[in-house]
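The values are calculated or read from the model by the stated rules, or taken from the named source; none is laboratory data. Predicted model only: the values in this text are computed from it and were never measured. Heads up, the Cβs are rebuilt from the backbone with ideal geometry, glycines too, and the neighbour counts pull from every protein chain shown.
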Amino acid sequence: MLERLAIPFDVRTPEVDETPASDETAHTLVARLAAEKAAVVAESLPDAVVIGSDQVAVAGRRIVGKPGSVANARRQLSDFSGRDVQFLSAICVLCRDTGFEYRQTVVTDVCFRPLNADEIDRYIQVDQPLNCAGSFKSESLGISLLSAMRSDDPTAIIGLPLIYVSEALRKAGYNIP
């Protein structure tokens with residue numbers, strides 16, 4: 001997704017424990033994980049502008065993460081059938097050497113249409129959304145599971161809110177566009 005901003009970048013995958021604390025809200029969790037991911041990478045690249053991000057789904061009051069298996073994906077999507085689910089996408093952009101830091105969490109309201117078991121199974125087989133929060137990829141076939149979607153940043157649901165990343169990078173000194 002960063003290629004869309006026409007700036008050079010490298011991708012690093014930090015090791016961060018994504019387990020929620022017992023009393024942690026979804027908003028706090030997603031913001032903390034984005035910040036921890038950015039901080040881990042910034043330790044080895046202190047002069048770089050680092051973007052950390054994370055995403056979770058919230059169904060009712062329950063935090064829903066990545067399913068990790070077909071059975072869990074099936075359960076998540078069955079639970080979402082006919083319901084509204086919030087997807088929270090957080091970023092933390094920082095540069096350790098300059099002290100620059102920018103944080104933002106974007107909420108995307110996703111309205112799932114009623115889904116039957118065959119539709120869910122076909123979707124999982126084609127899109128393989130096992131490493132996606134909420135078992136869902138809006139940028140591909142997952143869009144067919146929805147009746148509506150609302151957000152301030154349409155790229156947030158894909159995992160990286162580029163409107164806010166662009167704002168952060170401009171504040172950090174990048175010329176975008």
Open item on the list: So if I check each of 53, 89, 44, which one is at pLDDT 95 or above, more than 24 Å from residue 136 (Cα to Cα) and of a type in the set (Gly, Ala, Ser)?
Closed with: 44
- [ ] Could you list, in sequence order, all residues of the range 93-142 that are free of Cβ contacts under 8 Å to residues at least 40 places away in the same chain and of a type in the set (D, E, K, R)?
- [x] 101, 113, 118, 119, 122, 127, 137, 139
TODO: Output the residues belonging to the range 24-33 that are part of a helix (DSSP H, G or I), free of Cβ contacts under 8 Å to residues at least 24 places away in the same chain and not charged (D, E, K, R).
DONE: 28
- [ ] Would you tally the residues in the range 152-177 being farther than 15 Å from residue 53 by Cβ and either assigned to a loop (DSSP other than H, G, I, E, B) or among the small types (Gly, Ala, Ser) (or both)?
- [x] 8
